[in-house]
Amino acid sequence: MKIIGLIGGISWVSTADYYKLINQGINEKMGDLNFSECLLYSFNYADIKKNNENNDWDSTFKMLLKGSRFLKAGGAEAIILCANTMHLIADKLEEAIDLPIIHIATETAKEIQKQNLKKVGLLGTKFTMELDFFKDKLIAQGIEAIIPESENDKYFIHTTIFEELGKGLVTPETKKRYLEIANELIKRGAEGIILGCTEIPLVILPEDVDVPVFDTTLIHSKAAVEFQLS
């Protein structure tokens with residue numbers, strides 16, 4: 001089994017999901033008492049959030065590089081960034097650390113291709129929705145991503161990710177609003193919905209909407225398992 005390194009704490013809620021899903025995945029494949037051989041470097045989310053608010057991606061890059069070097073020194077053969085937004089610097093980090101980084105958007109594109117979809121809705125932080133790092137990986141596979149048109153909707157998603165979901169908090173009102181936003185994307189032609197933040201699966205479940213839902217946490221975790229057993 002190959003060893004993987006997890007960069008977590010962004011947030012701890014989704015990191016716990018990654019750890020659980022990866023270990024379950026290994027056990028499903030291998031049985032008995034086989035589980036994932038992995039390392040975890042977990043950040044204080046407040047430090048990352050402060051950088052993001054100041055658009056200081058250089059400081060975030062240096063933090064993740066430090067964590068990745070720690071994992072590489074411990075024997076990690078690939079890095080898993082346990083958050084969609086952090087993939088903004090994934091390609092740069094992969095080059096600097098000289099280890100493969102299993103890219104969440106690339107793996108999501110593969111899953112969308114399996115269902116022959118060409119247009120999907122993308123929900124996530126404002127960075128994930130508005131910048132190109134995620135959408136470019138989809139475009140490379142012939143997939144168009146659309147995001148909410150309303151600035152209020154984008155602000156609502158971004159804010160609740162940090163103030164509620166990142167703390168493991170879910171309210172009926174927040175869930176209702178997320179579903180309204182998702183259904184608006186479907187009306188605009190989205191054939192599927194990407195849950196492009198590792199906390200959004202807390203509020204949108206596959207049975208909540210009438211199109212396929214792509215849970216990036218689950219997809220990314222499965223890719224990590226495949227790497228470990230390759």
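The values are calculated or read from the model by the stated rules, or taken from the named source; none is laboratory data. Fair warning: this is a prediction, and the values are worked out from it, not measured in the lab. Here Cβ is always computed from backbone atoms with ideal geometry, including for glycine, and neighbour counts include all displayed protein chains. SASA here: full protein model, heavy atoms, side chains in, ligands and nucleic acids out. Shrake-Rupley method; radii C 1.70, N 1.55, O 1.52, S 1.80 Å.
Tabulated data
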| read-out | value |
| --- | --- |
| Residues of segment 161-206 satisfying the condition of being part of a loop (DSSP other than H, G, I, E, B) and either over 30 Å from residue 116 (Cα atoms) or among the small types (Gly, Ala, Ser) (or both) | 164, 168, 169, 170, 171, 189, 190, 192, 196 |
| Any hit, segment 154-162, residues being more than 25 Å from residue 39 (Cα to Cα), of a type in the set (D, E, K, R) and modelled with pLDDT of 95 or more | yes |
| Residue 48 vs. criteria β-branched (Val, Ile, Thr) and either over 18 Å from the mean Cα position of the chain (by Cα) or modelled with pLDDT of 95 or more (or both) | no |
| Among the candidates 95, 111, 107, residue that is among the acidic types (Asp, Glu) and within 20 Å of residue 182 (Cβ to Cβ) | 111 |
| Filtered residue count, segment 84-98, keeping only those that are within 27 Å of residue 188 (Cα to Cα) and not in a helix (DSSP H, G or I) | 1 |
| Residues satisfying the stated conditions in segment 207-230, i.e. under 22 Å from residue 160 (Cα atoms), in a helix (DSSP H, G or I) and open to solvent by less than 30 Å² (accessible area, probe 1.4 Å) | 216, 217 |
| Restricting segment 8-33 to residues that are in contact with a helix residue (DSSP H, G or I) (Cβ under 6 Å, 6 or more places away or on another chain) and open to solvent by 20 Å² or more (accessible area, probe 1.4 Å), the residue that is modelled with the lowest pLDDT | 17 |
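So that you can scan it fast, the table gives a plain yes or no per residue for (1) open to solvent by less than 60 Å² (accessible area, probe 1.4 Å); (2) over 13 Å from the mean Cα position of the chain (by Cα); (3) modelled with pLDDT under 95; (4) closer than 21 Å to residue 50 by Cβ:
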site	(1), (2), (3), (4)
62	no, yes, no, yes
71	yes, yes, no, no
78	yes, yes, no, no
81	yes, no, no, yes
93	yes, yes, no, yes
96	yes, yes, no, no
100	yes, yes, no, no
108	yes, no, no, no
